[in-house]
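To start, the structure under review is shown below, and the notes come after it.
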Amino acid sequence: YTILSKVHSDRNVYPSAGVLFVHVLEREYFKGEFPPYPKPGEISNDPITFNTNLMGYPDRPGWLRYIQRTPYSDGVLYGSPTVENVGKPTIIEITAYNRRTFETARHNLIINIMSAEDFPLPYQAEFFIRNMNVEEMLASEVLGDFLGAVKNVWQPERLNAINITSALDRGGRVPLPINDMKEGVYVMVGADVPFSSCLREVENPQNQLRCSQEMEPVITCDKKFRTQFHIDWCKISLVDNTKQVSTFQEVIRGEGILPDGGEYKPPSDSLKSRDYYSDFLITLAVPSAIALVLFLILAYIMCCRREGVEKRNMQTPDIQLVHHSAIQKSTKELRDMSKNREIAWPLSTLPVFHPVTGEIVPPLHTDSYDNTSMPLMQTQQSLPHQTQIPQQQSAGQY
């Protein structure tokens with residue numbers, strides 16, 4: 001594909017500081033710069049996206065935002081200019097991309113910020129509208145309807161929209177794509193008269209209590225907004241700049257003369273050599289000597305202070321030693337007897353058939369096997385019904 005770039009003539013706009021600025025990037029304005037190349041019988045509707053940045057920088061100024069939902073909708077630049085930029089032209093480079101033909105078109109938007117006569121407006125109120133998205137609220141018709149409803153409630157002589165912010169920019173969550181849910185918009189307006197009694201109803205203790213319990217407060221003028229705008233009255237913010245105390249403190253400047261601290265003496269160029277032998281002794285030798293002493297004491301306690309077998313036997317009762325010796329002799333005698341016994345494996349554990357040929361395997365011993373060599377325990381097991389009753393000894397026998 002061949003990527004072409006066309007530059008339009010510059011466009012100048014003149015917003016006022018502290019007043020909402022909205023500029024729409026219309027797709028129809030750029031369609032004429034892109035060849036349609038439609039198929040026979042089709043109308044060209046190419047997807048177009050925009051990229052905006054301050055000339056010489058990769059991003060826009062801090063007060064300027066940009067939004068475009070889909071490549072088939074118009075882009076919108078909006079924000080509230082600051083007083084610091086008054087008199088300084090702000091050049092915004094706008095680049096349009098045709099996502100079908102990969103062509104680009106570019107033009108510059110020159111923003112000349114003017115100073116407002118009565119800026120800033122002393123009384124400012126910020127409303128949170130739950131049933132609107134930011135691009136819907138930026139439409140001139142919708143914003144005009146909202147300002148008209150606020151003017152009927154407030155009755156000011158001068159009313160301006162100061163700023164519009166999406167709820168997502170304030171930490172809000174992305175709404176679920178069900179039931180046409182909206183993200184919500186914060187709209188700040190300013191006026192030159194104090195707040196009306198209807199707006200002051202939000203500060204009532206009853207309404208504050210209902211808001212703390214996540215209940216809808218009772219506002220008499222809510223019906224003037226409810227037909228088109230669902231306002232969350234618990235999130236309304238009222239700011240009276242006339243009552244704010246200035247925290248500016250006057251700086252008391254001195255004579256600018258530092259007190260005399262004597263003549264400056266820089267360090268000498270030649271540095272003396274330092275002896276690190278004492279540091280070595282304190283850091284390594286002393287801890288090593290202490291560790292060696294502790295090791296020798298522990299070795300003496302564990303190796304040279306053993307009680308021994310003789311002392312243990314002297315402290316053990318004689319009857320306990322006799323029992324222990326008798327147990328050792330009996331254990332040794334049983335082990336010797338178990339080594340010398342010769343007992344054939346029982347027939348139940350031998351295979352009946354040869355595992356390879358399948359022939360019957362003869363018993364391990366013949367009929368002439370001497371049963372007298374069987375141990376006494378096996379003979380007793382062969383006679384299960386015989387029970388030997390121990391004889392009762394007389395009381396005089398030991």
Accessible surface, per residue, of the stretch 11-113 when the full set of protein chains is kept, probe 1.4 Å, Å²: 51
Length added when fully stretched, Glu214-Val193, from 0.36 nm per residue minus Cα-Cα: 4.5 nm
Three-way shape label, the stretch 175-223, alpha-carbon gyration tensor, a/c 1.5: oblate
Prolate/oblate/rounded call for the stretch 123-240, Cα gyration tensor, a/c under 1.5 rounded: oblate
Heavy-atom accessible surface of the stretch 65-112: percent carbon and sulfur, 1.4 Å: 53
Qualifying lysines (Cα of each under 22 Å from Cα of Lys182; at least 8 residues distant if same chain): Lys223, Lys224, Lys235
Per residue solvent-accessible surface (Å²) - the stretch 123-240, probe of 1.4 Å: 52
Amide proton proximity set for Ser73, modelled H, under 5 Å, gap of 5+: none
Share of carbon and sulfur in the accessible heavy-atom surface of the stretch 123-240 [1.4 Å probe, %]: 49
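The values are calculated or read from the model by the stated rules, or taken from the named source; none is laboratory data. This is a predicted model, so every value here is computed, not measured. Accessible surface areas use protein heavy atoms only, side chains included; no ligands, DNA or RNA. Shrake-Rupley method; radii C 1.70, N 1.55, O 1.52, S 1.80 Å.
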